[in-house]
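Visitor: Before we start, here is the structure in question, set down as structure tokens.
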Amino acid sequence: MAQLTYSRLSHLLRTSVNKPSALRTRTETNLGPACCVQFVRCQRSVDSKALQERQKQHMARGLPKQKPITGVKQVIVVASGKGGVGKSTTAVNLALGLMANSPSKSVGLLDADVYGPSIPKLMNLKGNPELSDNNLMIPLTNYGIPCMSMGFLVEDVAPIVWRGLMVMSAIEKLLRQVDWGSLDYLVVDMPPGTGDVQLTITQNIPIAGAVIVSTPQDIALLDARRGAEMFKKVHVPVLGLVQNMSVFQCPNCNHQTHIFGSDGARQLADTLGVQLLGDVPLHLNIREMSDRGKPVVVSSPDSPEAEAYKKVASAVVRRLEELNT
């Protein structure tokens, strides 16, 4: 089987981006010397109305139709309004928690953060994806979870210097040109923010629900609320909020400290009218195991930290069942 490398994908993306556009441009009308101010104003009004009508027709047919990912039953996106709140760690442990709670279920993991992919490190995976006979990328697998990420196509320290159109094309290929096999759940680790990548994904594939991750800190909650409101605008159900780094317990004296505040995400969930899916503590074991590529759900399955992620996974499944009924 052939391997898909960064240079090869870059060439494919540049080729697709540089194709001539099929969109028609506005035909310029040469009026010649103006002999009547009223005629010019009238002509401009006609041109403006015609342009607005063409734009309206183009927008009506311009949005892509949502198509399910072949073999995937339900897509769950894990998002945050800003970076640094533990979104990728939550996405990885959520995927592992879904499978730990129901071993018969098949779960996949897609890293949609093109500029800062974290899944390869968190899942201890390296190498380029091979291509199937149908020219689809075959995900790399660890801990029973098939994974796909831009991080598999670049070196660890190599920057991805692509403009927006190339990023959108890369996301399209990650969505449509991966052989996932048969999955009950595909967990998508979204990039932070509410930009083009989020809109591209929500407009291209049907999403069962979104999980919003935030710390209890006020500044993080502001952006988390923007993220939740964005999903509501594009008609994606918000399954609920995960309050990450909710409390720190001293390993020596067991004293608990709310470093980032107390119950901020719970209050935001009440404000938005959504559920709080669970609290995940700020714990050294989570950080150390994540850095080693051994997520806490598989490295310490009986620990309180792993149990917190499993409870979040259970709450996500319950919310999906509620929405489906």
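The values are calculated or read from the model by the stated rules, or taken from the named source; none is laboratory data. Just so we're clear, the structure is a prediction, and the values are computed from it rather than from any experiment. Using ideal geometry, Cβ is built from the backbone for each residue, glycine included, and neighbour counts are taken over all protein chains shown. Areas reflect the complete protein model, heavy atoms only, side chains present, ligands, DNA and RNA absent. Shrake-Rupley method; radii C 1.70, N 1.55, O 1.52, S 1.80 Å.
Visitor: When only DSSP loop residues count, what trypsin sites (Lys or Arg not before Pro) in segment 223-292 have their Cβ near at most 14 other Cβ atoms within 10 Å?
Guide: 292
Visitor: Taking loop as defined by DSSP and a crowding limit of 11 other beta carbons within 10 Å, which trypsin sites (Lys or Arg not before Pro) in segment 159-199 fit?
Guide: 163
Visitor: Going from most exposed to least, what order do 305, 321 have by accessible area with a 1.4 Å probe?
Guide: These residues rank, largest area first, as 321, 305.
Visitor: Tell me, what HN-Hα J-couplings in whole Hz come from the Karplus equation 6.51 cos²θ - 1.76 cosθ + 1.60 at θ = phi - 60° for each residue of segment 159-171, using x for Gly and Pro?
Guide: Along segment 159-171, the couplings run x, 9, 9, 10, 7, x, 5, 5, 5, 4, 5, 5, 4 Hz.
Visitor: What lysines sit close enough to residue 232 to cross-link, taking a C-alpha to C-alpha distance under 21 Å and skipping anything fewer than 8 places away on the same chain?
Guide: 65, 67, 82, 87
Visitor: Turning to a different aspect of this structure: At most 15 other Cβ atoms within 10 Å and a DSSP loop assignment: could you name the chymotrypsin sites (Phe, Trp or Tyr not before Pro) in segment 95-178 that fit?
Guide: 115
Visitor: Quick one: net charge of residue 137's neighbours, Cβ under 14 Å, K/R +1, D/E -1?
Guide: With Lys, Arg at +1 and Asp, Glu at -1, the net is -2.
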